[in-house]
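Here's the structure, in structure tokens; my notes come after.
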Amino acid sequence: MASKASKPFPIQMEVEFLDRLSEPVRDGKAKSVSDIIRTALDRYDFTDVLVMHPVQLQISVRLPGEIRRQLKKTARSKHTSVGHLVRAAVEAYLPELEALPVPAEPVVKPKPRKRRKKKR
């Protein structure tokens with residue numbers, strides 16, 4: 001049972017998982033979602049927990065100012081990160097890009113020529 005000194009502890013979780021936690025409460029098998037979480041934490045052995053973090057790389061992308069401003073505005077309004085929005089947009093676009101036929105010749109940008117100074 002929660003002690004008198006307990007305070008709210010914010011935890012982010014996916015909606016589907018929260019729905020799953022709410023089922024035992026609706027069925028009368030648990031008093032509350034908080035009770036389920038407290039009981040689970042009390043019983044769980046954290047000794048062998050293995051945390052997996054996917055390998056990530058940071059890249060830089062040149063974006064026009066308007067796209068940058070819109071990304072930041074949307075991220076604030078949706079309470080998420082700019083990176084999350086970029087990944088969502090790219091994941092939605094990739095199937096379209098992957099469905100395109102492969103060009104006969106690879107697309108290669110010509111390297112700009114270095115200008116030589118004229119001799120006088």
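Calculate how steeply helix 15-26 sits against the longest principal axis of the alpha-carbon atoms of the chain, using the helix alpha-carbon long axis, and give the answer as 0 to 90 degrees to the nearest 10. Its long axis makes an angle of about 10 degrees. Computed over protein heavy atoms with a 1.4 Å probe, the accessible surface of the chain works out to 109 Å² per residue.
Between the Cα long axis of helix 33-43 and the first principal axis of the chain there is an angle of about 90°, rounded to the nearest 10. Relative to the dominant Cα principal axis of the chain, helix 82-99 is inclined by about 60°. For segment 47-87, the calculated P(r), taken from all Cα-Cα distances in 10 Å bins from zero up to the bin holding the longest distance, is 23, 39, 22, 12, 4 percent. When the accessible area of the chain is computed with all protein chains present and a 1.4 Å probe, what percentage of it is carbon and sulfur? Whole-percent figure for carbon plus sulfur exposure: 57. Over all distinct Cα-Cα pairs of the chain, the Kirkwood formula returns a hydrodynamic radius of 21.2 Å. What residue among V90, H79, V15 has its Cα farthest toward the positive end of the dipole of the chain, where the charges are +1 on Lys, Arg and -1 on Asp, Glu, each on the Cβ? Result: V90. Under 14 Å of direct C-alpha separation, and excluding same-chain neighbours fewer than eight residues apart, K31 reaches these aspartates and glutamates: E23. The alpha carbons of segment 64-114 occupy a box of 43, 35, 14 Å along the principal axes, longest dimension given first.
The values are calculated or read from the model by the stated rules, or taken from the named source; none is laboratory data. It should be emphasised that the depicted structure is a prediction, and the values quoted were computed from it without experimental measurement. We place every Cβ from the backbone using ideal geometry, glycine too, and count neighbours over all the protein chains shown. Remember, those area values only see protein heavy atoms, side chains included, never the ligands or the DNA or RNA. Shrake-Rupley method; radii C 1.70, N 1.55, O 1.52, S 1.80 Å.
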